[in-house]
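Quick notes on the structure that follows.
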Amino acid sequence: GLEMAVSDADHAWAERWIAAKGLNGRPLIAMQLGASTEAKQWPVERFAALADALDPALGEIVVIGGPNERALSQKFLATVARPVADSTGESSLGELAALLQRCRLLITNDTGPMHIATAVGTRVMDISSGPVTAFETGPYGDGHVVVEPADLACSPCPLDSECHHFACR
């Protein structure tokens, strides 16, 4: 497993952010919509459908991501029916770690925040598609779930391939 120290200042930021969103005392489920390449990215509409299908008693949805993922979060917010708190582009890596540490689950593509979540003890559901295999890049440690294509001859695809069907997503 991985480990990551989180500073008191980063914890304080997460507490302020959660309070400002009115989420104190509520369980949180984070969603990371982006990935380093589009080939590794589950469609935003599917993230929204999953968020809407989750029982609200399981937790409030918190969208995370960097400033370059704001368009994805805006598309998600326009698609999802339930209330969502959006932190996209608002946190440093340390602040993100503190926020993720307060989440019961991160639902994500294969991303850096996936590894941050495992390092601070948050369970991960990794939606692994495109040119990756969870065996090589998935969440490290126990208690995580990986969803990846089964019985798909082209999965995982070579890094330099150009896909025209995206059946793995």
Would you please list the contacts, defined by Cβ atoms under 9 Å and residues six or more apart or on different chains, that run from a residue in region 38-61 that is surrounded by fewer than 15 Cβ atoms within 10 Å (Cβ to Cβ) to a residue that is modelled with pLDDT under 95 and not in a loop (DSSP other than H, G, I, E, B)?
ARG46/ILE127
Of everything in region 100-123, what is part of a helix (DSSP H, G or I) and either basic (Lys, Arg) or within 12 Å of the chain's Cα centre (by Cα) (or both)? Give them in sequence order.
LEU100, GLY112, PRO113, MET114, HIS115, ILE116, ALA117, THR118
Quick check: is even one residue across region 14-23 at pLDDT below 95 and outside any helix (DSSP H, G or I)?
no
Is one or more of the residues making up region 26-35 open to solvent by 20 Å² or more (accessible area, probe 1.4 Å) and more than 17 Å from the chain's Cα centre (by Cα)?
yes
Are any of the residues in region 92-104 of a type in the set (Ser, Thr, Tyr) and open to solvent by less than 40 Å² (accessible area, probe 1.4 Å)?
no
THR79 vs. criteria under 19 Å from GLN41 (Cβ atoms), of a type in the set (Ser, Thr, Tyr), more than 14 Å from the chain's Cα centre (by Cα) and surrounded by fewer than 24 Cβ atoms within 10 Å (Cβ to Cβ):
yes
Looking only at residues that are at pLDDT 60 or above and over 16 Å from the mean Cα position of the chain (by Cα) in region 144-155, which one is nearest to LEU72 (Cα to Cα)?
PRO149
Determine the pairs where a residue that is free of Cβ contacts under 8 Å to residues at least 24 places away in the same chain and closer than 22 Å to ASP110 by Cβ, located within region 64-88, has a partner that is assigned to a loop (DSSP other than H, G, I, E, B) and polar (S, T, N, Q) with Cβ atoms under 6 Å apart, the partner being 6 or more residues away or on another chain.
ARG70/THR88
Looking at region 24-37, is at least one residue under 16 Å from ILE64 (Cα atoms), of a type in the set (S, T, N, Q) and in a loop (DSSP other than H, G, I, E, B)?
yes
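The values are calculated or read from the model by the stated rules, or taken from the named source; none is laboratory data. None of these values were measured; they are calculated from a predicted model. Glycine gets a Cβ as well: all are built from the backbone with ideal geometry, and neighbour counts include every protein chain shown. Side chains included, ligands, DNA and RNA excluded: accessible areas come from the protein's heavy atoms. Shrake-Rupley method; radii C 1.70, N 1.55, O 1.52, S 1.80 Å.
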